[in-house]
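Below is one structure, written out as structure tokens, with a few remarks after it.
The values are calculated or read from the model by the stated rules, or taken from the named source; none is laboratory data. From a predicted model like this one, the values you see are computed outputs, not experimental measurements. So basically every Cβ, Gly included, is an ideal-geometry build from the backbone, and we count neighbours across all protein chains shown. These area figures cover heavy atoms from the full protein model, side chains too; ligands, DNA and RNA do not enter into them. Shrake-Rupley method; radii C 1.70, N 1.55, O 1.52, S 1.80 Å.
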Amino acid sequence: MTAAALITIVSGRHTHLRRQRDWVAAQSEPPITHVVVSMGDPGIREVLERRAELPTELVELPPTAELPLAAARNAGVARAEQLGADTVVLLDVDCLPHRDLMADYTRALVQLAGRRAVVSGRVQYLPEGMAEADYTADGVARMGRDHAARVLPGPGELVEADPRMLWSLSIATTVGTWHAAGGFDERYVGYGGEDTDFGQRLARAGGSLWWLGGAGAYHQYHPTQSPPVQHAAAIARNANLFRRTWGFDPMEGWLRELHVRGVLTRTGQDWHVLEQGSTDDA
């Protein structure tokens, strides 16, 4: 029998985490534990206490100048494995899980048994300005919109995908596949590149990414910039690391737009910041 854990990494976003926990409590097949990794945010403990009945494990990382996203995911999976999980679901703090998210992911990985696979479910984006009363199963289903770059298989169907499209917003895999890929590369610090790198590590290990028609999640609104100018320094640094590792650029659209805007420039193969952005949280 599968023992699946849910893992969420977080810094700030307390309201988003509180709502997510409400939805985790309604799962048709609950996770054995919800591992929440706090990236230097002591206020997370209080948020978790509001749902004290949920099996929960808090991992607290010390404050750092930039968010250690890759290291936080690794820490969450490591703790889940210590607690007996053989399957892990990584869900962004902004995402509200459909009541069947854990069940759908578990069934998909059983279907792919014997393969090294990472499965990515359907994520729909919620608009700004929703009232608290709208955060119901019917409300989010009505207001959510799909991402234009995502493939949408039919209900329960699996479609193999390009590993360069791996995005840890909502993914599931076995602990065995996680170890085969080597987890996330902790040299990536701050925003950008670590997900694409994990996709390449998965492919190098003989694994594959799959879109799943199910395991739905609803992404709560938060302000964003496109391209994310405020993260330009981290994007340049992580893109350079990625190219030296894999021989091609990640985040090509962002790099191109930041270059056009005069924020980034390129010398040889390396990107550099011309206009220093801020280091606000993602």
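Accessible surface for residue 98 stands near 70 Å², nearest 10, in the context of the full protein assembly shown (1.4 Å probe).
Please give the Cα centre distance for the range 18-50 versus the range 94-173, rounded to the nearest Å. Comparing the Cα centres of the range 18-50 and the range 94-173, I get a distance of 18 Å. Amide H contacts for residue 57 (H built 1.01 Å from N in the peptide plane; partners 5 or more residues away or on another chain; cut-off under 5 Å): 34, 35, 36. Once you reduce the range 70-84 and the range 190-212 to the center of their Cα atoms, the two points are 17 Å from each other.
Averaged per residue, the chain has 45 square angstrom of accessible surface, using a 1.4 angstrom probe with ligands and nucleic acids left out. The three principal axes of the Cα atoms in the chain give end-to-end lengths of 52, 43, 37 Å, sorted in falling order.
Above 12 Å, the calculated P(r) of the range 1-57 contains 64 percent of its Cα-Cα pairs. Our Cα-only numbers for the range 98-179 put the radius of gyration and Dmax at 14.5, 44 Å.
What does the charge count near residue 131 come to, summing +1 for each Lys or Arg and -1 for each Asp or Glu among other residues with Cβ under 15 Å from its Cβ? Before the final figure, lay out each step's value.
On the way: positive: 19, 142; negative: 128, 132, 134, 138.
Taking every other residue near residue 131 into account, the sum is -2.
Computed over protein heavy atoms with a 1.4 Å probe, the carbon and sulfur contribution to the accessible area of the range 1-150 reaches 49%. In the range 4-146, the convex hull through the Cα atoms has an average projected area of 9.2 nm², a quarter of its surface area. Close amide H contacts of residue 124 (hydrogens built in the peptide plane, cut-off under 5 Å, sequence separation of 5 or more or a different chain): 217, 218, 219. Between 32, 171, 235, where does the largest GNM mean-square fluctuation fall for the chain, given springs only between Cα atoms within less than 10 Å? Highest fluctuation among the options: 32.
Using θ = phi - 60° in the Karplus curve 6.51 cos²θ - 1.76 cosθ + 1.60, the 3J(HN,Hα) couplings for the range 171-176 round to 9, 9, 7, 8, 4, x Hz; x is entered for Gly and Pro. Evaluating 6.51 cos²θ - 1.76 cosθ + 1.60 at θ = phi - 60° for every residue in the range 141-149, the Karplus couplings come out as 5, 6, 9, x, 10, 6, 7, 5, 8 Hz, glycine and proline recorded as x. The calculated 222 nm mean residue ellipticity attributable to helices in the chain amounts to -9500 deg cm²/dmol, summing -39500 (n - 2.57) over DSSP H runs of n ≥ 4 and dividing by all residues. Please identify the longest segment of the chain free of exposed GluC sites (Glu not before Pro), where exposed means a DSSP state other than H, G, I, E or B and no more than 10 other Cβ atoms within 10 Å. The reported range is 129-282.
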